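Below is one structure, written out as structure tokens; the observations come after it.
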Protein chains: 4
Amino acid sequence: MTDGSKIRVGIIGASGYTGADLIRLAAVHPQIKITALTANAHAGQSLGAVYPHLSALGLPDLVKTDDVDWSQTDAVFCGLPHGTSQEVISALPSHLKVIDLSADFRLRNTKTYAEWYGHSHRAPDLQSKAVYGLTEYYRDDIAKADLVACPGCYPTAALLGLLPLLSSGVIDPTDIVIDAKSGVTGAGRSVKQANLFSEVAEGIHPYGIAAHRHAPEIEQEVSKIAGQDVLVNFTPHLMPMNRGELLTMYLRGAGKNAEAEARKALVERYRDEPFVHIVGDGDVPATRHVRGTNYCRVNVFADRIPGRIIVVSTLDNLVKGSSGQALQNFNLMFGLTETLGLEQQALFP
Amino acid sequence: MTDGSKIRVGIIGASGYTGADLIRLAAVHPQIKITALTANAHAGQSLGAVYPHLSALGLPDLVKTDDVDWSQTDAVFCGLPHGTSQEVISALPSHLKVIDLSADFRLRNTKTYAEWYGHSHRAPDLQSKAVYGLTEYYRDDIAKADLVACPGCYPTAALLGLLPLLSSGVIDPTDIVIDAKSGVTGAGRSVKQANLFSEVAEGIHPYGIAAHRHAPEIEQEVSKIAGQDVLVNFTPHLMPMNRGELLTMYLRGAGKNAEAEARKALVERYRDEPFVHIVGDGDVPATRHVRGTNYCRVNVFADRIPGRIIVVSTLDNLVKGSSGQALQNFNLMFGLTETLGLEQQALFP
Amino acid sequence: MTDGSKIRVGIIGASGYTGADLIRLAAVHPQIKITALTANAHAGQSLGAVYPHLSALGLPDLVKTDDVDWSQTDAVFCGLPHGTSQEVISALPSHLKVIDLSADFRLRNTKTYAEWYGHSHRAPDLQSKAVYGLTEYYRDDIAKADLVACPGCYPTAALLGLLPLLSSGVIDPTDIVIDAKSGVTGAGRSVKQANLFSEVAEGIHPYGIAAHRHAPEIEQEVSKIAGQDVLVNFTPHLMPMNRGELLTMYLRGAGKNAEAEARKALVERYRDEPFVHIVGDGDVPATRHVRGTNYCRVNVFADRIPGRIIVVSTLDNLVKGSSGQALQNFNLMFGLTETLGLEQQALFP
Amino acid sequence: MTDGSKIRVGIIGASGYTGADLIRLAAVHPQIKITALTANAHAGQSLGAVYPHLSALGLPDLVKTDDVDWSQTDAVFCGLPHGTSQEVISALPSHLKVIDLSADFRLRNTKTYAEWYGHSHRAPDLQSKAVYGLTEYYRDDIAKADLVACPGCYPTAALLGLLPLLSSGVIDPTDIVIDAKSGVTGAGRSVKQANLFSEVAEGIHPYGIAAHRHAPEIEQEVSKIAGQDVLVNFTPHLMPMNRGELLTMYLRGAGKNAEAEARKALVERYRDEPFVHIVGDGDVPATRHVRGTNYCRVNVFADRIPGRIIVVSTLDNLVKGSSGQALQNFNLMFGLTETLGLEQQALFP
């Protein structure tokens, strides 16, 4: 196959960490040709000026989004900050298939969106057409979609662990406690004192307690399966590491053998999924086992309190939690093998 | 005051991290003269051979515990591994005041001890006399004790946050979820593959799920206050950092204004405590704010689920969680100012 | 192409970090089928028991080296500790092409070997046939070799930076100071106190001062080009990170425009090399730009002392410094495209 | 002694890391009462708002420098950024003893200053009166000084290792190569992309190659002792850790037994110095052995090239490299015991 038959891809917002990780994967994806990279604040610069590690790939220079001739592009990944994607995507030509990595089109309820993001949605029509890009659960819709809203990193890890337990009635949907831990790349490349090395290294702390925007996203999907409005207890913590996130979910079983039932539900649901691994009985998911990969590793443990279980779910926030899942969806949207370009194994150590 | 009037102190098990941190503090404590350091596996070596950073203090060489002439010593800190302290301490002369940093004398119930530590207690008489060294709660008993069993690091952080809420009836004692995160020094200096830098750095994972020995210790004290047998949900995680631990405790309030009531209970209880700080409303406890210090910092947050609260408690596992609290108890046992030698401020960054 | 046409590969010593990184790359190499994994101390275990992150690849269980039926294998990578490869490789059937990642066959002079490794070489015949696997310099010999001795990680980084300057006479070969810094994976997975997280994190120190075994290896190649016996000043340092090494080389120019001449020599030499990048004038090589990749990035800077220059060379010690270069050599030995399976871009951040 | 008899101290520029570390030490110094803390950008805030770990000390709120009534203060520490101290200090009342931690008054030659800092010195009169605060070498002058210019962190580590070798003629002053490695706190708390956690963690790189402002400072003192103008080769590197710096200095001996002579010169020079430790023969200085302390640890090693030696010098850049040395000078200026308030031992691990 020559370059001419590849799918031509543009990346909007290429200067963030999400953009960089997408380029890392897309640049060696066998069916992708990167034709445009945009980063308004860096327009005119080479990619290597912003990301030296990507300097030798021979990719296009960074330009302004408005300056791209989209007629030469088939698909667009949009890695802009939350709140800014909706207007940019609205303005794109309709022939483009769009995979959005921001939060703009994740929430189905415009009221909920307004409540959490502080403004009315600026592209409600588009929002109603967007498909929620949790690949393992919306595969058919994604394959037909023109706009896919990739889930947040925390919701991906949470939902992959929770949904089979909810749909099979193994757990009580009203008593879900999610303690989440994430590496610093989750905060992006924005320059804030709180993200300086010396503020983060050798220490941990919670943030966004009871107020993190991923809570309503988790609740949206949990409520849908549970058939009732559910609030979840969700508290993220910042870890002194670059990549990876791990969720420890404290759950109350509905029946007597919650652990066995939960294990059965998880194993059955994900038996044929290439990217979700229920690890062996007693094996402990760890972020380092998924570093740099598109895998999510999950396990369930009996709690010492009878009837309760603990589900641990881990993924790389920049890959399965962002760019990798975006590529997985891209593969589906273009009829490619779902795993194409996502075969990387974990970089451990 | 001359050296002659100082209290003569021996440290048993000086080659572990707990021992090293005790020496760090004791060596500059104005009322302590270190007269003996034991480490059976390193007997005959200088302290600097084991801990180069302590080489210039002019302290005694390491010897075998059996070789010490205890007649020249007033007090002993015992930093041996769990299960080995009980016999060593039993064999010490009775004039010595003993502060034990192991788990051997923490559990009041010998049956519980046997269940969690896999053998019958070898000094049950001594166990019944030991005082649980959670300073802020057993101050009077500690002052009169001959043997103090310093709490584990996790129980210290957990109990300082929980006890005022239990004693004031603010929370439901039957629904306590404790997600704990700790730096690697908590695992001690023992040489295991799991603690190698390359196994730990840039990653996190839970361990001892539903089976950590600090659970029964927390439950012992919680049950005592609650007036009923309580099981708690306790799951620790290993963090890629040296020191510090942070507990995020998910609790169900008993009444309607749980957050306000909890804050009031905590502030009132610790108003005059030198080492427990309830930080300002909305301020987030972080391990880096207590690094190297004997402080515990606590705060309470309303959860988004009505009626639930989140209590965050943090301390340095080697100081307030171990050597520092041991020194605090030592000060009490010898009638010294409780804060003596513990005034260090956090090493941040 | 079906599996049947792939090259059948065995990995001896699969339980070390070098083995794990080789598996990471080989498992997704389009022309490799892994047929045997040996690890004597772990024989009978699944690969996932030793490396959970590789558990889902469906690879063979670990066995003893002596138990492998090598008739079903075409090539062997040997990742055993130094000093143990020579006997194992001697005993392998002659149809196997062998790529050795240990130091056993790197030194051409058996006297030098004995001096640095403390024993006479046990396979001197084989040693004389081995080709030094610095791919960019011994490409033709490697393509024809039956046994390739892959260079050490430090020598690879040093020689890629130095050789063009020596062969073009730009620098004085008698005044070479190499200050090297490496991540902890360079020490392997062996369980030593010195490699514990808490001994390494948040600190740096030199090691093997004036006595590191990579010095004679660097000198062997430098002397060959310089046409005289050369001693180099080589001092490695341990860094609190997993992967990556960076060498800062302080050199005395032979002529007046050493920096410009050096830059010219480097750029010309590596213009067509896929894995050695001379970065842009003024750009600073950094380990994070090569993390997880087979690239070496090099640059040269004028020193403020007239006539002196500073050459900085960086690579991932487990990839270009070990497993990646081994695969690069494998590709050559089997007539494959040299870059096959080595296209991964840096995992940054 | 009551508070009334303590020395009243102000800290200008209290919001930087240097300021924070000074407060950490000064707040528990037995002869210091902190009476003023200035930070123009944070005026009106509590200290705890900027540094939560210092919130419980009961210290004054942050104010603008111009708003302080200096009549109630005896001494001032000035931790402002380079280039801004000179005007602020010029404007202070003359009764104040001033310890400056910036670079403004370190260079004796105003031409050199202008060349490296890009502007003429704005307080040349004051500059000529300032004493260079390398305590171990200018003790008598410091005791009598009104203005002490504390050395940079790198010059402190370099000069403590080099000066005895130069003054005793052990090394050739014209062939000094200094490879320096520093933790990230050396960059201060300024908010730059390059200092974000994700840009720094798990990686290393050199910076300021041949252009770092500490080079002329080292050269000033080296030249003075050597009796000739000397240029040194000085290249710093950024390490993924908070605190600590280590200099590996590659030197050419003047005589035949350079290592033995160097060891003798160092041991004799520092025998009675409380804060400079020449560690045991063969012992390796490591940053972790000085973390949080005012110690500098030095050792010398024979190189494998005959006649050459390697001197390794390490200190905590924020303590002996900044705030600690400042306090050491303060003690001298006020006739106090030089070690007062500086007895902290290393926080290891």
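Worth pointing out:
- Positive minus negative residues near D:Asn109 (Lys, Arg vs Asp, Glu; Cβ under 13 Å): -1
- For residues of A:301-310, the mean tally of beta carbons on other chains within 10 Å: 5
- Sequence-separation-based contact order of the range A:145-300, relative, with Cα cut under 8 Å and 6+ spacing, percent: 31 percent
- When each of the peptides D:319-327, D:134-142 is scored by how many other beta carbons lie within 10 Å of its residues on average, the order from highest to lowest is D:319-327, D:134-142.
- Shielding by partners - mean other protein chain Cβ count within 10 Å, residues of C:45-54: 4
- Length, then width, then depth: along the principal axes, the Cα atoms of the protein assembly as shown run 86, 80, 64 Å.
- Kirkwood-based shape ratio for the range D:3-129, expressed as Rg/Rh from alpha carbons: 0.99
- Taking other Cβ atoms within 10 Å as a rough exposure proxy, D:Asp303, A:Asp281, A:Asp172, B:Asp179 sort from fewest to most as A:Asp281, A:Asp172, D:Asp303, B:Asp179.
- Considering only the range B:154-317, percent of DSSP beta bridges that pair antiparallel, nearest 5: 75 percent
- Protection proxy ranking of B:148-154, D:216-222 - average other beta-carbon atoms within 10 Å, highest first: B:148-154, D:216-222
- Normalised contact order of the range B:3-129, rounded percent, pairs of Cα under 8 Å and 6 or more residues apart: 22 percent
- What the phi angles of the range B:20-37 give under the Karplus curve with 6.51, -1.76 and 1.60, with θ = phi - 60°, is a coupling list of 4, 6, 5, 5, 3, 7, 5, 5, 10, 6, x, 10, 10, 10, 7, 10, 8, 10 Hz, glycine and proline written as x.
- The amide H of B:His82, built 1.01 Å from its N in the peptide plane, has B:Ala103 as neighbours under 5 Å, considering only residues 5 or more places off or on other chains.
- Centre-to-centre, using Cα atoms only, the range A:176-255 and the range B:1-56 are separated by 43 Å.
- ³J(HN,Hα), Karplus 6.51/-1.76/1.60, whole Hz, each residue of the range A:100-105, x for Gly, Pro: 9, 9, 7, 8, 4, 10
- Packing, taken as the mean count of other beta carbons within 10 Å per residue, orders the peptides C:262-268, A:121-127 from highest to lowest as C:262-268, A:121-127.
- Tilt relative to chain C, helix C:324-333 - C-alpha long axis, 0 to 90 degrees, to 10: 70 degrees
- Antiparallel DSSP beta bridges within the range B:260-349, percent to nearest 5: 70 percent
- Here's how it looks for A:Arg189: its modeled amide H is under 5 Å from those of A:Tyr17, which are all 5 or more places away or on a different chain.
- Among D:Met249, C:Met239, a tally of other beta-carbon atoms within 10 Å of each Cβ gives an order, fewest to most, of D:Met249, C:Met239.
- Report summary: the helix-based calculation at 222 nm, which adds -39500 (n - 2.57) for every DSSP H run with n ≥ 4 and divides by the residues of chain A, gives -8000 deg cm²/dmol.
- Seen from D:Asp303, the other residues with C-beta closer than 11 Å to its C-beta sum to a net charge of +2, counting Lys and Arg as +1 and Asp and Glu as -1.
- Cut-off under 5 Å, modelled amide H: who pairs with C:Leu147 long-range: C:Val98, C:Val131
- Exam field: B:Pro81 pseudo-label spacings to other copies (7 Å along Cα-Cβ), nanometres: 2.1, 5.2, 5.3
- Using a 7 Å projection from Cα along Cα-to-Cβ, the label point at D:Val267 is separated from the same position in the remaining copies by 5.3, 6.2, 6.8 nm, smallest value first.
- Residue-wise HN-Hα couplings along the range D:266-273, as the Karplus relation 6.51 cos²θ - 1.76 cosθ + 1.60 with θ = phi - 60° gives them from phi, are 5, 4, 5, 5, 9, 3, 9, 7 Hz; Gly and Pro carry x.
- Label geometry 7 Å along the beta-carbon vector: A:Asp67 inter-copy distances in nm: 4.6, 6.4, 7.6
- Antiparallel bridge percentage (DSSP; both residues within the protein assembly as shown; nearest 5): 45 percent
- Relative contact order of chain A, defined on C-alpha pairs under 8 angstrom at six or more residues apart (%): 17 percent
- Rounded to 10°, Cα long-axis angle of helix D:214-226 versus longest principal axis of chain D: 60 degrees
- Peptide B:280-293 - average C-beta neighbours from other chains (10 Å radius): 5
Where a number appears in this text, it was derived from the coordinates with a stated rule and is not lab data. Since the model is a prediction, treat every value here as computed from it, not as a measurement. Glycine gets a Cβ as well: all are built from the backbone with ideal geometry, and neighbour counts include every protein chain shown.
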